[in-house]
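Working notes for the structure below.
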Amino acid sequence: MISFSSVRYSPTQNPVASATSTATRTFLIPYHYHTRKLSFTSPPFFHPADLPRRLNRLRVQAIDAAQPYDYEAQLVNRFAQSTKLKISIIGFGNFGQFLAKAFIRQGHTVFAHSRSDYSSIAQSLGAAFFFDTHDLCEQHPDVILLCTSIISTESVLKSLPIQRLRRNTLFVDVLSVKEFPKNIFLQYLPSHFDILCSHPMFGPESGKNGWQNLAFVFDKVRIGNEESRLRRAETFLDIFKNEGCRMVEMTCAEHDKYAAGSQFITHTMGRILEKLQLQSTPVNTKGYETLLNLVENTASDSFDLYYGLFMYNKNAMEQLERLDLAFESLKKELFGHLHEVLRKQLFGKSEESPKLVLSKLPKKLPKNGTSLLPASTSETETVVNNNN
Ligand code: NAP
């Protein structure tokens, strides 16, 4: 129970007297150096002298006492246990904004920073934009998410004032190559920071109708053993799980091998077709529509991204060469068939394969000066076979 006689109360700051309706209201009344949260149902106007009687009608919602000495620590713990994260997105371009929408939709707090000014876009999405990374880091986010172009990531990471972050902050990247960010994280981040490398295998175009069944690759490169750190990483992964992504855990090296043979090839084909300037026609087949879509998908990604796929994945060059070889071999196959057809057209049935011609040769070599071919063999055939 509380002692109402000890309530310190000034008529000029009388919250009760300022009440204007009979609805249930909640006020904070200063009491010694603490505050009490009281709510009551009461007619709006009365004299302060009437307060003790009226206080009997107050319903006490909370009884305070001196705050426990570890009050702040408890608050921190409570926040850590909460399922919502404070996520700082570094690189708030095309993909950063796309991810931010999902984070915010799921109730997480998003801070953004980028080289360019995206403050109004951030505001419209419900994120806070920071021009200065010092200010951003002083917000002590749970997660720093690197979403910069592959080729700028190293310089951006080096420029972050990581000394302003809480120790053990979780660093995540979403780069389309994986061994490279893993290596620079391990190189530049002190061992007390956690590291999660990830790659959502979709973008603003391919994921515009939802992320259901789209692959999300991740590698828990370094996550501390503490319960809160393990949970934080899981909470981050849950964002993608909740959206229906197909969660694929694999090493960064495995990712790069698979991605070079699939994603890099896809982007390369898209860019080759883009150079052909394909146009929609009145007789589009489904296959052709797929190609047009591929061009549209890849054209919406920056060249920096494509160049990054090539430069920072050691398997990409091999794939480019394989593509070259495959194209050459396909051309050879085509031209080989074409050659066959042309020969048939030129020489008709009269042409026989050299093997057949050989089988018709006499068993014994004829004398010098006489033809090797059977008597029926035409002059033309002789020329053709000689040309072989
Ligand atoms: P991007 O061209 O790869 O990257 C653009 C982002 O990088 C922008 O935020 C841009 O900042 C920043 N940036 C570029 N050069 C910079 C520099 N010199 N210094 C500082 N920041 C720089 O396009 P993106 O599509 O937004 O991709 C971002 C990341 O997500 C990439 O690593 C990409 O591999 C990955 N990713 C993309 C997709 C996708 O479909 N787009 C899918 C999965 C993963 P400003 O805009 O402020 O200039």
Practice problem: Kindly provide the set of residues from the range 272-304 that are more than 14 Å from the ligand (Cβ to nearest atom), part of a helix (DSSP H, G or I) and of a type outside the set (A, V, I, L, M), ordered by number. | Solution: GLU274, LYS275, LYS286, GLY287, TYR288, GLU289, THR290, ASN293
Quiz item: Can you pull out the residues in the range 198-225 that are polar (S, T, N, Q), farther than 14 Å from HIS255 by Cα and either touching a strand residue (DSSP E or B) at 6+ places or on another chain (Cβ under 7 Å) or within 13 Å of the ligand (Cβ to nearest atom) (or both)?
Solution: SER206, ASN213
Practice problem: Would you be able to say whether some residue in the range 180-195 is surrounded by 14 or more Cβ atoms within 10 Å (Cβ to Cβ) and in contact with a His (Cβ under 8 Å, 6 or more places away or on another chain)? | Solution: no
Practice problem: Tell me, yes or no, whether the range 85-93 has at least one residue that is at pLDDT 95 or above, outside any loop (DSSP other than H, G, I, E, B), surrounded by 13 or more Cβ atoms within 10 Å (Cβ to Cβ) and within 11 Å of the ligand (Cβ to nearest atom). | Solution: yes
Exercise. Just need a number here: residues in the range 120-159 that are within 15 Å of the ligand (Cβ to nearest atom) and either in contact with a strand residue (DSSP E or B) (Cβ under 7 Å, 6 or more places away or on another chain) or assigned to a strand (DSSP E or B) (or both).
Key: 14
Quiz item: All but one of (1) closer than 27 Å to GLY107 by Cα; (2) away from the ligand (no atom under 16 Å from the Cβ); (3) of a type outside the set (A, V, I, L, M); (4) surrounded by 14 or more Cβ atoms within 10 Å (Cβ to Cβ) hold for GLY244; which doesn't?
Solution: (4)
Quiz prompt | Count - residues of the range 164-184 that are part of a helix (DSSP H, G or I) and touching a Cys at 6+ places or on another chain (Cβ under 8 Å) | solution = 4
Practice problem: Considering every residue within the range 247-260, establish whether at least one is among the hydroxyl-bearing types (Ser, Thr, Tyr), part of a strand (DSSP E or B) and in contact with a strand residue (DSSP E or B) (Cβ under 9 Å, 6 or more places away or on another chain). | Solution: no
Quiz item: Scanning for something within 13 Å of the ligand (Cβ to nearest atom), of a type in the set (D, E, K, R) and part of a helix (DSSP H, G or I), does the range 309-330 turn up at least one residue?
Solution: no
Quiz item: So how many residues does the range 148-159 have that are out of contact with any Leu (no Cβ under 9 Å at 6 or more places or on another chain) and buried (at least 21 other Cβ atoms within 10 Å of the Cβ)?
Solution: 0
Exercise. Return the total of residues in the range 160-173 being of a type outside the set (Asp, Glu), within 16 Å of the ligand (Cβ to nearest atom) and surrounded by 21 or more Cβ atoms within 10 Å (Cβ to Cβ).
Key: 3
Quiz item: What is the one condition in (1) under 26 Å from ILE104 (Cβ atoms); (2) within 13 Å of the ligand (Cβ to nearest atom); (3) crowded, with 16+ Cβ neighbours inside 10 Å that THR235 does not satisfy?
Solution: (2)
Quiz item: Just to be sure, is TYR288 buried (at least 17 other Cβ atoms within 10 Å of the Cβ), without any contact (Cβ under 8 Å) to a residue 40 or more places away in the chain and out of contact with any strand residue (DSSP E or B) (no Cβ under 7 Å at 6 or more places or on another chain)?
Solution: no
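The values are calculated or read from the model by the stated rules, or taken from the named source; none is laboratory data. Note that the coordinates shown come from a computational prediction; the quantities given were computed from them, not determined experimentally. Cβ coordinates were reconstructed from backbone atoms using ideal geometry, including for glycine residues, and neighbour counts include every protein chain displayed.
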